[in-house]
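*Asks:* First the structure, which I've put down as structure tokens, then a few questions once you've had a look.
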Amino acid sequence: MDVGIYEAKTRLAKLVHLVEQGQTVTITNRGRPVADLVPTQGSGKSSVDVLIGEILAARSRQPAVSGAQLQAWKEEGRK
């Protein structure tokens, strides 16, 4: 999406919202591109949300551990 510099100044909040959704906005000065607003690498989901998703996915791939197995590991760690 191309936006003139005056329009970018007056609609900056809306343009930032579009960039947060993944769009790239090119700012022009008299029709000549001068700057790009692009999403940062961490935008979209927060890094915490991504990590939580990865942890939950990893946990779902692991077999359930019984209480007896946890107790055995606990006792083994005390040796």
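*Asks:* Considering every residue within the range 14-29, establish whether at least one is of a type in the set (S, T, N, Q), at pLDDT 90 or above and assigned to a helix (DSSP H, G or I).
*Replies:* no
*Asks:* Would you mind stating whether Val34 is part of a helix (DSSP H, G or I) and surrounded by 10 or more Cβ atoms within 10 Å (Cβ to Cβ)?
*Replies:* no
*Asks:* Which condition number in (1) surrounded by fewer than 12 Cβ atoms within 10 Å (Cβ to Cβ); (2) in contact with a strand residue (DSSP E or B) (Cβ under 7 Å, 6 or more places away or on another chain) is the one that Gln71 fails?
*Replies:* (2)
*Asks:* Can you tell me which residue within the range 43-57, out of those that are in a helix (DSSP H, G or I) and surrounded by 11 or more Cβ atoms within 10 Å (Cβ to Cβ), is modelled with the lowest pLDDT?
*Replies:* Here the answer is Val50.
*Asks:* Residue check, Thr40 against (1) part of a loop (DSSP other than H, G, I, E, B); (2) in contact (Cβ under 8 Å) with a residue 24 or more places away in the chain; (3) of a type in the set (Ser, Thr, Tyr), all met but one. Which one?
*Replies:* Failing condition for Thr40: (2).
The values are calculated or read from the model by the stated rules, or taken from the named source; none is laboratory data. Every value quoted in this text rests on a predicted model; they were computed, and no experiment measured them. We place every Cβ from the backbone using ideal geometry, glycine too, and count neighbours over all the protein chains shown.
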